[in-house]
Amino acid sequence: MTKKVIVSAVLMALCFAVVNEPLVAQEENGERNNTIRHPMLVDTTSTVFKEVYRFWCDYKQAQMEEFVMRNRPHTLKTADFWAKEELTENPNPDMILQSIYPPFAFMNEEFLGVSMRNDTLYELQTIFYSHYPVENTFEGVFTVPVVKTQDGYKLINKLTLNMRKYKTYQIGWLTFYYPYTYPFDEEKAKESFNRANKVAKELGIVEVTPIKYFLYENQTELLHGMGVDGSIIDFNLSNNIIHYGHSLWQNRKVDFTQGGEGIIHELLHVFIYDLRKNNNGHRFDEGVCCYFGDNVNFTTNEYQLGRLKEFLNDNPQINLSVNLAQGYKDVDGHFTNDSTASVDGLLYGYGDSYSNHLYNIQVVICEMIYKKGGMDLVKRMLFETKRNEDEYEMIEMLLGVKREEVNGVIREYLREKY
Ligand SMILES: [Zn+2]
């Protein structure tokens with residue numbers, strides 16, 4: 001396959017845990033608006049429609065209860081809505097359906113209808129809209145298989161059905177799944193396995209629990225694989241190939257667009273969660289996964305840090321001692337940490353279509369920590385940092401750099417090295 005230089009875009013949505021936090025908070029306060037498509041267009045009188053729709057509404061109610069009352073007793077459990085085979089495949093099936101999204105239960109919805117596939121299999125399709133960044137922002141079209149069982153209707157993830165049709169390639173604890181048309185690179189896959197094993201060892205993991213790694217030709221195919229037939233994160237960049245990947249720790253699944261068999265970034269995310277034993281990721285994870293793994297947009301870390309140096313030189317108004325990750329945008333579209341100069345009051349991750357500087361800044365911090373105290377010090381930063389807000393405190397503790405010095409120290413480090 002011939003390709004000129006592919007300069008890829010980085011999607012801020014790459015790391016589920018880091019990016020979705022502000023969205024979830026936003027949804028929680030929002031009003032919900034649920035509608036069904038116009039009865040002239042969909043037969044809402046059919047018994048199957050009524051039963052499946054009722055079942056779907058109950059599932060969303062369960063989602064809401066689990067999310068809002070996760071630490072209090074509640075009666076509805078989302079797990080009860082999934083088919084047995086789904087729960088065997090995915091301990092946390094909601095996460096596949098939600099993919100990169102916050103819980104649907106807090107979003108506006110337009111229910112499109114139910115379609116029969118065979119005697120026991122139906123599919124429902126629905127659209128969700130969020131309140132962010134503006135009211136009624138399209139989020140995605142979702143197709144969800146519904147099986148009719150002796151215990152009533154049950155949900156099953158589209159991916160669980162699709163993966164039965166995929167080709168597989170297994171090497172040790174790692175199994176790749178990909179559609180028949182995908183140009184799988186066996187050599188790269190082996191290389192990645194060996195590299196990931198080395199990092200696992202350095203992190204102190206004795207035996208890696210098996211991971212399934214899904215590969216697709218592009219982001220659109222990847223989303224279709226999960227049952228997302230239209231998405232806010234797709235079709236938003238016309239002049240570059242979008243590389244995209246993410247990991248679902250509890251389900252031990254990773255997916256990636258073409259070439260992902262040569263990238264170990266998402267595998268390292270899974271390793272970090274394995275060691276942390278919970279799903280609470282934070283920003284520094286990205287620095288570690290890029291530094292010891294790969295930069296997710298198929299360029300070298302060296303190239304990206306060179307771009308970060310230029311970016312910071314071109315934007316002297318950015319103060320990394322105020323915010324290491326995000327800034328407001330002024331009327332000219334430049335980043336600023338001054339909220340009074342903000343054109344819309346929203347915070348944006350530092351970066352552009354070619355570079356995710358939010359991640360690159362974390363790579364610099366990771367490199368500085370590793371050079372000072374090796375993997376032991378990196379692990380302290382990984383596991384002792386509880387929230388992103390604590391990162392300055394951790395930087396002072398581990399690197400001896402005070403918050404007010406961070407901006408100067410990072411800029412100086414880049415000037416000397418890149
Ligand atoms: Zn990542």
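No value in this document is a laboratory result; all are computed from the given coordinates. Everything quoted here is computed from the prediction, not taken from an experiment. Cβ sites come from the backbone with ideal geometry, for glycine too, and all protein chains shown count toward neighbours.
Of all DSSP bridge pairs formed entirely within the chain, close to 75 percent run antiparallel. Between Thr45 and Arg164, the simple label model (points 7 Å from Cα in the Cβ direction) yields a spacing of 3.5 nm.
Compute the Cα gyration tensor for the range 224-315, then decide on rounded, prolate or oblate, letting a ≥ b ≥ c be the square roots of its eigenvalues: rounded whenever a/c is under 1.5, prolate when a/b is larger than b/c in the other cases, and oblate in all that remain. Oblate, since a/c reaches 1.5 and b/c is not below a/b.
Derived from the Cα gyration tensor, the three semi-axes of the equivalent ellipsoid of the chain are 38, 26, 21 Å, largest first.
With N residues in the range 357-418, what two-decimal value do you get for its Cα radius of gyration over 2.2 N^0.38 Å?
On the way: Rg = 11.1 Å, N = 62, 2.2 N^0.38 = 10.6 Å.
Normalised by 2.2 N^0.38 Å, the Cα Rg of the range 357-418 equals 1.05.
A compact globular protein would have a Cα radius of gyration near 2.2 N^0.38 Å; the ratio found for the range 301-417 is 1.06. Full extension of the chain segment joining Lys417 with Gln326 gains 30.4 nm, where the gain is 0.36 nm per residue of separation less the Cα-Cα distance. Annotation: Cα Rg of the range 20-157 relative to the compact-globule expectation 2.2 N^0.38 Å equals 1.05.
May I ask you to derive the FRET efficiency for Glu384 and Tyr303 from their Cβ-Cβ distance with R0 = 30 Å, giving the value to the nearest 0.05? It comes to 0.45. Distance between the modelled labels on Thr137 and Glu187, one decimal in nanometres: 4.3 nm (7 Å Cα→Cβ projection).
If R₀ is 30 angstrom, what is the calculated FRET efficiency for the pair Ser238 and Val68, using the beta carbon separation as r and rounding to 0.05?
0.15
For the pair Glu221 and Gln125, the difference between a 0.36 nm per residue extended length and the Cα-Cα distance amounts to 32.8 nm.
Between Leu377 and Asp338, the simple spin-label model (points 7 angstrom out along Cα→Cβ) gives 3.6 nm.
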